[in-house]
Amino acid sequence: MQIHNFKYALRNITRNKLYAAINIGGLTISLVAVFFMALYIKDELSFDRFHKDAQNIYRIADDKQTPGVTIRSAQSAAPVGPALRNEYPAVKDFVRLILTEGLAKSGDKIFEERRIYYADASFFNIFSFSLIDGDKANALKDPGSIVITASTASKYFGNDDAIGKQISIDGRNFKVSGVVADVPANSQIEFDFLISMATAEQKESGYDWLFDNWYSNNFHTYIKVEENADIKKLSAEMKAFDLRHRETGSTTVHQYAFEKLTEIYLHSDRQDQIGKTGNASNLYIFSAIAIFLIVIACINFVNLSTARFAARSKEVGVKKVAGASRKQIMQQFFAESFVLTGIATGAALIIAYGLMPVFNNFTGKTIVIDLLQPIQVLGIVGLLIVISLLAGAYPAVILSGFKPIVSLKGKATSSGWSISFRKALVVFQFATSVILAICTIVVYRQMDFLQRKDRGFNSTQTMVINFEGDRSVRARLESVKAKLSNIRGVEAVTASSNVPGDTKQGGWSMDFAKLNGDTLQTEMPIYLVDFNFNKQYGISVVEGRELSAAYPADTIESMLINETAVRKLGITDPSQAIGVKVGMYPNNAKIVGVLKDFHFEGLQKAVTPLAMRIMPGNFRVLSLKLKGNDLRNTIKNIESQWSS
């Protein structure tokens, strides 16, 4: 009987091609969008869940409070992890990470690498990254040991066995002690190299002084706790933990927070993230849009079906006279709905599969439609059944309820509540469409706002070159800048530690001397710049003066801060900030100018405090201002000069 219903449904579709085309077309378009959003949401929710003990892994964050400002950092100090393990039985183990960059070399292969971490030997005990070759207990144990990913091993050593091979980073030699499988795309922690933390503890690393320092937050610390550990209880004990380890006389309060590994990607908005982050709000929005699209498609199906009531009523009358029950007629309409939805689903899958490369390029993901994955198959089948039932329920119930005599006369009419229900569906459909249209306009205007809003600096036709770790560039920086400046199409060159939009800036501890002689300790990001930086980026000074080579002291002690930093320090008039002494590492400074606030982090964030000073030894990027229309040739010449 069911096979007969499906055959009849196909025959009915071929007889009413326009009706079928409109129904199938509407469903197909909606389903393509729904498939993309569902796959995107699934991918976002999957981050870091591949780790075996993911539910028991937490990152230690530090909300550092000073009298002037609170820094909500994803990082913590080096001693925090060991202290937690030693003082709290619930903490089984810890691992610390330091993200760095460098110039890697093996033989004649040289690459600038951005995904290098120092990691404790416990790394593979905490995380479930698959070690292909090497001993996970000892791979990161000894100084000078390095673990690389499979693709990195292929890049530097080809098909040769990488274990035991030498590779240098920033002129320091390392011995490959392990090869790990490439990091999954749904991992927030992304790396190509893992250097043993024992290496960072050596004096020549430059990190050795941090390991006994409770103030400098330079480590991403993760802990693994006992199964069913009471994290709320552990969090409540962190105030006492801070008091026990706080330096004598320090006014800084450390509020340690435990961020669950599986929630970091979508829910953490702290500074100093080490990897990519998502946005849970986007998933809620996409989910709502997907539901709206399905509902609109179902309503469209119902409205088209009810528009053919007169023609279908005679058909129902004949079948009832022939002895068909209401249940059998309902089954027929549900079968018809299932066939239409099935065709639309198949068409949507084909279209989505073809558009997947475009979608991945747009989102920066590597999502695939894999019908061998049970979860994807179940999702598609479930969606097919739900839409078929929702779209077919109303026509099946109403049409199967017509009386045979009235139906055969062609005078079948709907009841008052049925007419009201159809009107309500139409109103809801149009209202939802209007809401989606308004949302589209709002998103477009927001994107337009991001493009047109004055961010307080000018980055038009600016090319940024990151030379972190390349000591040869640092050693002859002025010569490199001069050679790049002589290239046709290059208008100006400036060097700095950061550029606007770079979220990797670090924090420095500063004591600002107030007018009454008291001190106010605060912490803020600092851009280390050369004398051309503000002019090239068009950043204005509202009080005081720019940093200038005309003032010899500017390379030693002078500093600029922005308007927000002035307010955070409790100074109401920017002019009163000029001349204020600042105590900071490695030497004291004096404020000589106040910068007009500019959005150096992004328009989605309020402007935060920022400082600038001259420290050439800490530059890591070059900003090239380009001019002219032949940008392709200019960039080619820059690449050629850089390679030389």
Can you tell me which lysines have their Cα less than 27 Å from the Cα of Lys327? Leave out same-chain residues fewer than eight positions away.
Lys7, Lys17, Lys314, Lys319, Lys403, Lys409, Lys411, Lys423
Leaving out ligands, DNA and RNA, what percent of the accessible area of segment 158-270 is carbon and sulfur, probe 1.4 Å?
44 percent
Of Ile60, Leu27, Val426, farthest towards positive along the dipole that unit charges on Lys, Arg, Asp, Glu beta carbons give the chain
Val426
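May I ask you to order 553-564, 79-90 by the average number of other C-beta atoms within 10 Å around their residues, highest value first?
Result, highest mean first: 553-564, 79-90.
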Quick check for you: with a 1.4 Å probe and neighbouring chains kept, what is the accessible area per residue of the chain, in Å²?
49 Å²
Could you tally the net charge around Asp454, taking each other residue with its Cβ under 13 Å from the Cβ of Asp454, Lys/Arg +1 and Asp/Glu -1?
+3
Can you pull the one-decimal nm distance between simple spin-label points at Asn16 and Asn486, each 7 Å off the Cα toward Cβ?
8.0 nm
Distance in nm between label sites at Val542 and His267, each 7 Å beyond Cα in the beta-carbon direction?
3.8 nm
For Thr564, net neighbour charge (Lys/Arg +1, Asp/Glu -1) across residues whose Cβ lies under 11 Å away:
+1
Among 52-63, 274-285, the order from most to least packed when residues are scored by Cβ within 10 Å on average
52-63, 274-285
Using Cα-only point scatterers and the Debye equation, what is log10 of I(q)/I(0) for the chain at each q in 0.06, 0.09 Å⁻¹, rounded to two decimals?
-0.49, -0.92
So, with +1 on the Cβ of K and R and -1 on the Cβ of D and E, and no other charges, what is the size of the charge dipole of segment 575-644 about its Cα centre, to the nearest 20 debye?
120 debye
As a check on your grasp of the helix formula, calculate [θ] at 222 nm for the chain: sum -39500 (n - 2.57) over DSSP H runs of n ≥ 4, divide by the residue count, round to the nearest 500.
-13500 deg cm²/dmol
How much accessible surface area, in Å² rounded to 10, belongs to the heavy atoms of Lys165 with a 1.4 Å probe?
70 Å²
Mind ordering 568-580, 142-154 by average Cβ neighbours within 10 Å, highest first?
142-154, 568-580
Any idea which of Ala90, Ser128, Ser151 is furthest toward the positive side of the dipole for segment 53-151, if Lys and Arg beta-carbons carry +1 and Asp and Glu beta-carbons -1?
Ala90
What's the magnitude of the charge dipole for segment 34-153 around its Cα centre, counting Lys and Arg as +1 and Asp and Glu as -1 at the beta-carbon? Answer in Debye, nearest 20.
160 debye
By how many nm would the segment from Gln604 to Ser459 grow when fully extended, if each residue of separation counts as 0.36 nm and the alpha-carbon distance is taken off?
50.4 nm
If you average over every viewing direction, what projected area does the convex hull of the Cα atoms of segment 421-481 give, in nm²?
7.9 nm²
Quick shape summary for segment 207-286, equivalent ellipsoid via Cα gyration tensor, semi-axes whole Å in descending order, reads 28, 18, 13
Kindly express, to the nearest 10 degrees and within the range 0 to 90, the angle between helix 309-321's C-alpha long axis and the longest C-alpha principal axis of the chain.
50 degrees
Within segment 177-204, whose backbone N sits under 13 Å from a point 7 Å along Cα→Cβ of Arg49?
186-187
For the table Lys535/Lys590; Lys105/Lys535; Lys155/Lys224, the rows whose alpha-carbon distance is greater than 30 Å are Lys105/Lys535; Lys155/Lys224
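Taking a 1.4 Å probe, which of His245, His51, His267 shows the most accessible area, and what order do the others take after it?
Numbers: His245 45, His51 5, His267 110 Å².
Descending accessible area places them as His267, His245, His51.
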Excluding residues fewer than 8 positions from Lys581 in its own chain, the aspartates and glutamates with Cα under 19 Å of it are Asp511, Asp518, Glu523, Glu543, Glu546, Asp554, Glu557, Glu563, Asp573
Just the accessible area for Arg115, please: 1.4 Å probe, Å², rounded to the nearest 10?
80 Å²
Averaged over all viewing directions, the convex hull of the alpha carbons in segment 84-203 casts a projected area in nm² of 7.9 nm²
With label points built 7 Å along Cα→Cβ from the Cα atoms of Cys439 and Ile110, find their separation and express it in nm.
5.2 nm
Taking a ≥ b ≥ c as the square roots of the eigenvalues of the Cα gyration tensor, with a/c under 1.5 meaning rounded and otherwise prolate when a/b exceeds b/c and oblate if not, segment 137-178 is oblate
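The values are calculated or read from the model by the stated rules, or taken from the named source; none is laboratory data. What you see is a predicted model, and the numbers here were worked out from it, not measured in a lab. As a convention, Cβ positions derive from the backbone with ideal geometry for all residues, glycine included, and neighbour counts pool all protein chains shown. Note: accessible area is taken over every heavy atom of the protein model, side chains too, but ligands, DNA and RNA are not part of it. Shrake-Rupley method; radii C 1.70, N 1.55, O 1.52, S 1.80 Å.
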